[in-house]
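Structure, as structure tokens:
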Amino acid sequence: MQNPVTVEVTRGNRVESVHRGLAAIVDGDGKVVFSLGDIEAEVFPRSACKAMQALPLIESGAADAFGLTNRELALACSSHSGEDGHIETAAGMLAKAGHDLSVLECGAHWSSDQQTLIHQARTLTAPTALHNNCSGKHSGFICTCVQMGVDPKGYVEYDHPLQAEIRGVMESLTGAALGHENCGTDGCSIPTYAAPLKGLAHGFAKMLTGNGLGAERARASKRLFDACMAEPFYVAGTNRACTKLMELAPGRIFAKTGAEGVFVAALPEKGVAIATKCEDGTTRAAEAMIYALIARCLDNDDALREQLVGMANRPMKNWNGIHVGDVRVTDALFA
């Protein structure tokens, strides 16, 4: 099936570009509250599933053993911008586990925040693995390995005990069989698995509500969501969509982006989770879609709904500040 157009980009009075997408809103029992496009299609969730990957950090006892704070737990679920606070927090997590950045296997890159990047370029010879947007997740992995009593070396590899544990967690949550046949390699070198979009949404709904989970996993899930919503800067960073959403409505929204146009959200007061993907992998469209989908879940008289609709439909200005067009969601997201 062909996925519908979900976002249009205009210039002047004409549509210049369109983006197609798919989306699922699911409750804790697996009921599909809303669907758009082929929600059975398998997608790589990429970084959108980091809260799932962080569950062993709690369940192994590592978070308690090393006294990890909400800020550190949020960073373990993050795709951060490589700002100073992110780097310092990741280094602190490693130190608590008796390691330093030399143990990280995620690779290195400069900050994605322009002002931070300029500062780094002026003061650093080269970035380190701590600057990698996944260093918080990887620092959490190291803490988990230490607590599990396994050698961290090679922790990014498919057959490492840590990745086997994470694979089992994600199978349990998404209901999908995960293995070599649907496995790719993520940007930070760990395995990433393609799973149906509907299963991804249901997995986050189970984490949100505890439905179908054991008591320990339900508690661990709530702890991670609560940490992310309490420390949204450490989930993403300055002017980032995940951070803006959680700051906009403290305690009402959990949100996490993934590469190639994936976005997930969970709404505690509604008991539902959302998973969406822009088919062509464009971030601007994925962000507009998640804003609209969250708004769709809210009551018509909720002031937050109006704010989110305004974020989903935004003007574009050129370098002179002239309004040249708009990013706007289509009626498909509100049908």
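The values are calculated or read from the model by the stated rules, or taken from the named source; none is laboratory data. Since the model is a prediction, treat every value here as computed from it, not as a measurement. Reconstructed Cβ throughout: ideal geometry from the backbone, glycine too, with neighbour counts over all protein chains shown. Heavy atoms of the whole protein, side chains included, go into the accessibility calculation; ligands, DNA and RNA do not. Shrake-Rupley method; radii C 1.70, N 1.55, O 1.52, S 1.80 Å.
On inspection, residue 260 passes the criterion of being open to solvent by 10 Å² or more (accessible area, probe 1.4 Å), in contact (Cβ under 8 Å) with a residue 24 or more places away in the chain and within 18 Å of residue 196 (Cβ to Cβ). Among the residues of segment 137-196, the one identified as of a type in the set (Val, Ile, Thr), farther than 23 Å from residue 66 by Cα and in a helix (DSSP H, G or I) is 174. Would you confirm, using the coordinates I've provided, whether residue 290 is assigned to a helix (DSSP H, G or I), among the aliphatic types (A, V, I, L, M) and under 19 Å from the mean Cα position of the chain (by Cα)? Yes, satisfied. Scanning segment 159-182 for residues that are more than 20 Å from residue 200 (Cβ to Cβ) and either in contact (Cβ under 8 Å) with a residue 24 or more places away in the chain or open to solvent by less than 20 Å² (accessible area, probe 1.4 Å) (or both) yields a total of 2. When segment 225-258 is filtered for residues that are in contact with a Leu (Cβ under 6 Å, 6 or more places away or on another chain) and either assigned to a helix (DSSP H, G or I) or of a type in the set (Asp, Glu) (or both), the ones remaining, listed by number, are 227, 234. When the criteria are applied in full, residue 238 fails the requirement of being among the polar types (S, T, N, Q) and touching a Phe, Trp or Tyr at 6+ places or on another chain (Cβ under 7 Å). Condition test on residue 25, is it buried (at least 22 other Cβ atoms within 10 Å of the Cβ) and part of a loop (DSSP other than H, G, I, E, B)? Considered against the rule, which asks whether it is buried (at least 22 other Cβ atoms within 10 Å of the Cβ) and part of a loop (DSSP other than H, G, I, E, B), residue 25 comes out as no. In the set (1) open to solvent by less than 10 Å² (accessible area, probe 1.4 Å); (2) of a type in the set (A, V, I, L, M, F, W, C); (3) more than 29 Å from residue 175 (Cα to Cα), the condition left unmet by residue 235 is number (3).
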